[in-house]
Amino acid sequence: MAAITMRLPVARKAVGPSAPRGGEKHLVAPGDTITTDTGYMRGHGTYVDEEKLIASVAGAVERVNKLVCVKALKTRYNGEVGDIVVGRITEVQQKRWKVETNSRLDSVLLLSSMNLPGGELRRRSAEDELAMRDYLQEADLISAEVQSVFSDGALSLHTRSLKYGKLGQGVLVQVSPSFVKRQKTHFHDLPCGASVILGNNGFIWIYPTPEQKDEEAGGFTTSLEPVPLSDREVISRLRNCIVALITQKLMLFDTSILYCYEASLPHQIKDILKPEVMEEIVLETRQRLLDLEG
């Protein structure tokens, strides 16, 4: 007889307000009146009707001086200069690559906007153009920075720093861009033995922490050595923790991921995705974050 796993429902614990004190956001739905004051300027996600400022999307109201806009809770990625993104090469064109970055239009990585292998500094020649598929080809994953935004909203990327470039072995998790918290750095080496790149575009890359940084490769040499089982288990646990945080609507940043990882250690990796376990570990994570904020 095959073993059957049975899970019975239990009474849920009462959960207090999760938002930090004074940090409640003004949430609106389409058609809600934001303000009747005529002194405000209309921003993205709003329109004016009968001298009232009304929301056109569901999201959180943001005010910058007199400018009022609504940031949608679930949307495609709207890039800004300086953002860190993780993307997938979709097409190799003349002197450029097309990159899927979860935005409305494909992003562009120019041949002149990347490091040559070995970090050479010189003009790009016809030989470089012919060897573009040796650097990056279709379906390759890269990390890059947004260099500029074109008039139609498409993004121009660059990988001129040695911390950007082609990604090797790891796991990609796709979430809504609104869940990724903006920080000074989006490259994190976690103490549990794995590293994460939290792309502003909602693409999160989890990979084993390299023993030594390869400065000579210019971001193109990827290790194809087998990943040890212990590292694969850490990566799998981190991936399930990120899915749990997103399911319970908690923002993603290095501290929340690490607290969730520590809270999940008593459970098996596969059990983290069970609704009751997910709720328990995210509740503990949320409480620790509130204690941290004081």
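Are there any helices in the chain, counted as whole DSSP H runs, that stretch 18 Å or more along their axis by Cα and score at least 0.5 on average by Kyte-Doolittle, and if so which?
Working: long enough: 229-247 (27 Å, 0.59); 275-293 (27 Å, -0.31).
Once both thresholds are applied, what remains is 229-247.
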If you average 1/r over all unlike Cα pairs in region 56-206 and invert the result, what Kirkwood radius do you get in angstrom?
16.5
Taking placed amide H atoms and a strict 5 Å upper bound, the residues 5 or more places from Leu111 or on another chain that come that close are Arg96, Trp97
Please report, to two decimal places, log10 I(q)/I(0) for region 51-139 at q = 0.15, 0.23, 0.26 Å⁻¹ as given by the Debye formula with identical point scatterers on the Cα atoms and no solvent.
-0.71, -1.20, -1.37
Unsatisfied cross-links (Cα-Cα over 25 Å) in the set Lys52/Lys181; Lys25/Lys274; Lys25/Lys52; Lys166/Lys270
Lys52/Lys181; Lys25/Lys274; Lys166/Lys270
What length, rounded to one decimal in nm, is gained on full extension from Asp37 through to Ser151, with 0.36 nm per residue of separation minus their alpha-carbon distance?
37.9 nm
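Counting only protein heavy atoms, what percent of the accessible surface of region 153-294 is carbon or sulfur at a 1.4 Å probe? Please report the intermediate quantities before stating the final value.
Working: 3560 of 7010 Å².
Here it works out to 51 percent.
Give me the percent relative contact order of the chain, please, defined on Cα pairs under 8 angstrom at least 6 residues apart. Provide the component values of the computation, followed by the final result.
On the way: 529 pairs, mean separation 39.1, N = 294.
Relative CO of the chain lands at 13 percent.
Please express the shape of region 125-188 as an equivalent ellipsoid: the semi-axes are the square roots of 5 times the eigenvalues of the C-alpha gyration tensor, given largest first in whole angstrom. Before the final figure, lay out each step's value.
Working: eigenvalues 119, 59, 32 Å².
Working from the Cα gyration tensor, I get semi-axes of 24, 17, 13 Å.
Can you give me the accessible area per residue for region 49-151, using a 1.4 Å probe, in Å²?
On a per-residue basis, 56 Å².
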Radius of gyration, Dmax [region 27-72; alpha carbons; angstrom]:
9.0, 23
Answer in debye to the nearest 20: the dipole magnitude of the chain about its Cα centre, from +1 Lys/Arg and -1 Asp/Glu charges placed on Cβ, is 560
Kindly work out what percent of the DSSP beta bridges joining two residues of region 27-72 are antiparallel, to the nearest 5.
90
Within the chain, cysteines having no neighbouring cysteine beta carbon under 4.7 Å are Cys69, Cys192
Of all beta bridges DSSP finds with both residues in the chain, what is the antiparallel percent, to the nearest 5?
85
Dipole axis of the chain (+1 Lys, Arg; -1 Asp, Glu on Cβ), positive-most option in Leu250, Leu172, Tyr77:
Leu250
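Report relative contact order for region 27-72 in percent, whole number only (criteria: Cα-Cα under 8 Å, sequence separation at least 6).
Details: 105 pairs, mean separation 19.2, N = 46.
42 percent.
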With x for Gly and Pro, the residue-by-residue ³J(HN,Hα) of region 30-46, computed from phi through the Karplus equation 6.51 cos²θ - 1.76 cosθ + 1.60 at θ = phi - 60° and given in whole Hz, is x, x, 6, 7, 7, 7, 9, 6, 7, x, 8, 8, 7, x, 4, x, 9
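Taking only C-alpha pairs under 8 Å that are 6+ residues apart, what is the relative contact order of region 65-156 in percent?
Once normalised by length, the contact order is 37 percent.
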How big is the chain on each of its three principal axes, counting only the C-alpha atoms and giving the largest first in Å?
67, 63, 41
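Let's test the formula: R0 of 35 Å, r as the Cβ-Cβ distance of Leu73 and Val171. What FRET efficiency results, to the nearest 0.05?
Numbers: r = 25 Å, r/R0 = 0.72.
My answer for the efficiency is 0.90.
The values are calculated or read from the model by the stated rules, or taken from the named source; none is laboratory data. Note that this is a predicted model, so its numbers are computed, not measured. Don't worry about glycine lacking a Cβ; one is built from the backbone with ideal geometry, like all the others, and counts go over all protein chains shown. Side chains are part of the model used for accessible areas, which takes the heavy atoms of the whole protein and leaves out ligands, DNA and RNA. Shrake-Rupley method; radii C 1.70, N 1.55, O 1.52, S 1.80 Å.
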